[in-house]
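Here's the structure, in structure tokens; my notes come after.
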Amino acid sequence: PAKSVTAPAASGGKYKADAAQKRIQSRSSKAGLQFPVGRVHRYLKRHTKSATRVGAKAAVYTAAVLEYLVAEVLELSGNAARDLKSKRISPRHLQLAIRGDDELDLLVKATIAGGGVIPHIHKQLLEKGAKKST
């Protein structure tokens, strides 16, 4: 008699237990990120040379770096806004946060519109004013 062939248990491999149970999961959620990995991957492919291939992990890494930088800037600018007793982050708060941090200041060379200038009075100007008044 012919042996009956049964599918192995649905613990993994080729045979899935139920297609309805499988839930679609984005690459961002798989990586534990908030930034869109798929969109970053699409942009990387679009803006590289036509012969260059972009790996899947490159998009995950780039999205993670972008998310970290945004979190860092938001934390510092939120602290600046709180110090100035404001509930909203304005371009001024972004300017104070970026120029106040040495590493971010090296990274961001752009002019922030509406950011103003960093308050600074040269030491020699302060010393001269103190000597004249006494």
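For trypsin sites (Lys or Arg not before Pro), the sites in segment 68-106 that DSSP calls loop and that have at most 14 other Cβ atoms within 10 Å are K85, K87, R88. Residue-wise HN-Hα couplings along segment 33-47, as the Karplus relation 6.51 cos²θ - 1.76 cosθ + 1.60 with θ = phi - 60° gives them from phi, are 10, 9, 6, x, 5, x, 5, 4, 5, 4, 5, 4, 5, 6, 9 Hz; Gly and Pro carry x. Phi-derived couplings, Karplus 6.51 cos²θ - 1.76 cosθ + 1.60 at θ = phi - 60°, listed residue by residue for segment 92-100: 4, 5, 4, 4, 5, 5, 6, 6, x Hz, with x used for Gly and Pro.
Taken together, the values in this text are just the output of simple stated rules run on the coordinates, not laboratory data. This structure is a prediction, so every number in the text was calculated from the model and none was measured. For neighbour counting, all protein chains shown are included, and Cβ atoms are generated from backbone atoms with ideal geometry for every residue, glycine included.
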